[in-house]
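Engineer: The structure that follows is given in the form of structure tokens.
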């Protein structure tokens, strides 16, 4: 009986640890996507600024 109880307890711990690990991976994946999107938005914004500056420089000359 004790052996079965230990086995069930071990399985519960493994499943719980697996679920927590997967939740952690999901959180990190979402965080990475968010950061990547923010960097892309910053990059696009910088590109637009540079394009406007180049156009104004061409107008001046």
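We did not get these values from a lab; they are worked out from the coordinates using the rules stated. Only a predicted model underlies this, so the values are computations on that prediction, with no experimental measurement involved.
Engineer: When the helices in the chain are scored as -39500 (n - 2.57) per DSSP H run of 4 or longer and the sum is shared across all residues, what 222 nm value do you end up with, to the nearest 500 deg cm²/dmol?
Structural biologist: -36500 deg cm²/dmol
Engineer: Measure nothing fancy, just the Cα-based angle from helix 2-60's long axis to the longest principal axis of the chain, in degrees from 0 to 90, nearest 10.
Structural biologist: 0 degrees
Engineer: Going by a ≥ b ≥ c, the root eigenvalues of the Cα gyration tensor, does the chain fall in the rounded group (a/c under 1.5), the prolate group (a/b larger than b/c) or the oblate group?
Structural biologist: prolate
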